[in-house]
Amino acid sequence: MKVISSIIELRDQLRGQNRVAFVPTMGNLHKGHLSLIRLARQHGHPVVTSIFVNRLQFGPNEDFDKYPRSLDSDIDKLQQENVYILFAPTEQDIYPHPQEYYIHPPHHLGDILEGEFRLGFFRSVCTVVMKLISCVQPRIVVFGKKDYQQLIIVRQMCEQFALPVEIIAAETERDIDGLALSSRNMYLIPSERVEAPNLYYTLQRIRDSILSGNRNFSKIKLEALDTLTKRGWKPDYITLRKRANLHAIQPQEWHKPLVVLAAARLGATRLLDNLEI
């Protein structure tokens, strides 16, 4: 595996490759990331992974400085997966000049849910993803469904800019108790780690209730929020949306593919999860 930080060197190394499969990450790799890499290999060759902790997408009170970084361990894991190139740029490589040009997702998609609680977050995500795609020039890019809103936004961005890439969605990788794998799970103290899977169990109960014919989502949501709060969570949202565009559903649209999404704090850790219906 080649470890490259220079954009020029990366492009030189990939010249002539017309089916590159790309997995962008922020590092601290776990089994969820490795599942993305294995899926990428099924759709393209060679496989390129990036590790870049993007300062722009962290708010002033968020965890950029303490975000877990484990480059040596990550390199070992990627070598075992036979990744062709690890693109590990520095901030100077990605932002040699102050970033004055940004990609703004539409208000109705970028400023809801996560965008409501993390102002400007998706503007920064779209900007760095566009830049990474420009650097790697892949044909395939793999994103996980755990960050569902990010997946939808990036997919629509690539479609509207006519980028020659296919966005592949990977199923959420979970621990044996159902907790969605995330680099931020390491922030959980032992008692919180025991409690954490209850966010997923809550989504399962919501899904089962809807599949049984319950259409009173307002009541379902209030009961779920109350249950989580009593267990010590601080929920930001639980919501039911259409999978295709994350729009709220209308009374006649219960037959459409849906997804229930949630974000909640457990202690100092903010967890995201979702479940398709």
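The values are calculated or read from the model by the stated rules, or taken from the named source; none is laboratory data. Model, not experiment: these values are computed from the prediction. Counting neighbours? That spans all protein chains shown, and the Cβs are built from the backbone with ideal geometry, glycine included. When the accessible area is computed, the model is the full protein with side chains, heavy atoms only, and any ligands, DNA or RNA have been set aside. Shrake-Rupley method; radii C 1.70, N 1.55, O 1.52, S 1.80 Å.
Look at segment 58-84: where a residue is over 27 Å from Phe122 (Cα atoms), no partner that is open to solvent by 30 Å² or more (accessible area, probe 1.4 Å) and of a type in the set (Lys, Arg) sits 6+ places away or on another chain with Cβ atoms under 6 Å. Take the conditions open to solvent by less than 30 Å² (accessible area, probe 1.4 Å), of a type in the set (D, E, K, R), at pLDDT below 90 and farther than 22 Å from Met130 by Cα and apply them to Asp74. Does it pass? No; evaluated as a whole, the condition is false for this residue.
Candidates His97, His104: the one that is out of contact with any Pro (no Cβ under 8 Å at 6 or more places or on another chain), free of Cβ contacts under 8 Å to residues at least 12 places away in the same chain and outside any helix (DSSP H, G or I) is His97. State all residues of segment 141-192 that are among the charged types (D, E, K, R) and without any contact (Cβ under 8 Å) to a residue 12 or more places away in the chain; if no residue qualifies, say none. Within segment 141-192, just Glu159 meets the criteria.
In summary, helices (runs of 4 or more DSSP H) completely within segment 141-213 and bearing 2 or more residues that are within 25 Å of Val125 (Cβ to Cβ), modelled with pLDDT of 95 or more and open to solvent by less than 30 Å² (accessible area, probe 1.4 Å) occur at 148-160, 198-211. Listed by position, the helices (runs of 4 or more DSSP H) inside segment 1-87 whose residues that are closer than 30 Å to Arg118 by Cα and among the β-branched types (Val, Ile, Thr) number at least 1 are 7-14, 31-43. Any idea which residue in segment 214-239 is most open to solvent (accessible area, probe 1.4 Å), counting only those that are free of Cβ contacts under 8 Å to residues at least 60 places away in the same chain and aromatic (Phe, Trp, Tyr)? Selected residue: Phe217. In segment 226-277, counting only strands (runs of 3 or more DSSP E) that sit wholly within it, the ones holding 2 or more residues that are of a type in the set (Phe, Trp, Tyr) span 233-242. Would you check if Ile112 is assigned to a helix (DSSP H, G or I), in contact with a Leu (Cβ under 8 Å, 6 or more places away or on another chain) and open to solvent by 20 Å² or more (accessible area, probe 1.4 Å)? No, not satisfied.
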